[in-house]
Amino acid sequence: MDRCVVLVDAGYLLGAAASLLAGESARSRISVDHPVLINALRERAEAETGLPLLRIYWFDAAVDRRPAPEHRRLRVLPRVTVRLGALTRAEGRWVQKGVDAAMHAELSELARNHACADVVLVTGDGDLLPGVMSAKEHGVAVHLWALQAADGDFNQSEDLVGEADERRVLDRAWIERWVRLREQSTVFPVAAADPEIAEILAAPPAVPAAPPAARRPESGPAPATVGAPAAQPGGLRVIPTPKDLAGRAVPAVATAPLGGPVLRWSSDRGWVDRAPRGESAATATAGDALPTLADLTTAAQRWADREEDITTIGGDPQEVGQVFARRWIDRLGTTERLTALRTDYPRIPHRLDGELLRYAARFGLLAHKDDQIDEHDRYAIREGFWKELGAHLPVERPATPAD
């Protein structure tokens, strides 16, 4: 068949691009415009081979072979087929398994079935050498493309280079058409201490009422005060735990409107100030009564959301939180109901928070171990949620007392 096929080793392509532009091979340092990249590969392949493109095969690895956001975006592009190997953790680093074998099998199958006349390989791994030799025996011309190396040297196997029929080096100008450096940002920005939280931390520990004299032991050491941290030698200050804070006396500022400051955070496992045992759920906050995104979404909207997730959402943790919040706010219908969340900041209602994290899991944000989202990513996801909420509901400023 007088057609050409492109086989791309994504680990080599993106790692070499990151090395050239960022000085390290971490793919997280670069942002890729996948439609532009695919179009650039197609244009160059057709120009160099003089043949129309049959297909671009994109070989990459993913945890449990579950497609990441970039894989979902790629596989809906015209003439693109995504093949995934496994991404496993070994000796403290991520290692891809099965990618080379999949490329070898695809190359051999294409050549054996005479599906194409020319094959373009974007890879540097010498393990593909037997596949190249087999393809040549079936009459296929093999074009090997390299990316410009950061140190000006080869970043490909010399045996692979020697076996290829044609070799080209893709220079920095070609690479910069579809990739750019990501801005380095701190996951946890340093912020000024909240005066209300500082007041809670500075509050003295609560002194429990003394038990009846008849029940107090006549001898032995006095029982430890509940909720108070143990004293440290040398007068060192003890940093209280959430459990310690829960047992502390409420400071005088608790008489302020909305009940004063309460230390809460959004976590499935952390203390979220649930109703004490034996009390009714009436003590839950108003935010817990708000509907979830699933409650507000129709079948047509669900389909449209999925399409947007596949084609346009990049998968950055903060971006994921913002997209979720934007959809929820738009479908809630009124910003007046959002005021219920103002007093709960930074806590997100429990049901809504769980739905947010399940949504984030679609974008490959799950760590390999125990299918849990990394703690840094959790903070970034929730930060994105509050950032979007703040754009619709600016923080109220306290009223200025009259002169």
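Coordinate-derived values only; no laboratory data. Keep in mind that what you see is a predicted model, and the values were worked out from it rather than measured. Cβ atoms come from the backbone with ideal geometry, glycine included; neighbour counts cover every protein chain shown.
Quick notes on this one:
- For region 106-111, 3J(HN,Hα) computed residue by residue from phi via the Karplus equation (6.51, -1.76, 1.60; θ = phi - 60°) reads 5, 4, 5, 5, 4, 5 Hz, glycine and proline entered as x.
- Unit charges on C-beta of K, R, D, E only; dipole of region 293-392, Debye: 300
- If you take all other residues with their beta carbon under 13 Å from the beta carbon of Ile313, and give Lys and Arg +1 and Asp and Glu -1, the sum is -1.
- Relative contact order of region 4-181, pairs being alpha-carbon contacts under 8 Å that are 6 or more residues apart, as %: 26
- Note: relative contact order over region 45-106, using C-alpha pairs below 8 Å and six or more positions apart, is 32 percent.
- Summed side-chain charge close to Asp118 - residues other than Asp118 whose Cβ falls under 11 Å, Lys, Arg +1, Asp, Glu -1: -4
- Ranked by the mean number of other Cβ atoms within 10 Å of their residues, highest first, the peptides 169-178, 26-35 fall in the order 26-35, 169-178.
- Rel. contact order, % - alpha carbon contacts under 8 angstrom, at least six apart, region 293-392: 45
- 11 Å beta-carbon shell around His71, net charge (K/R +1, D/E -1): +4
- With the highest mean first, a sort of the peptides 295-308, 46-59 on other beta-carbon atoms found within 10 angstrom per residue produces 46-59, 295-308.
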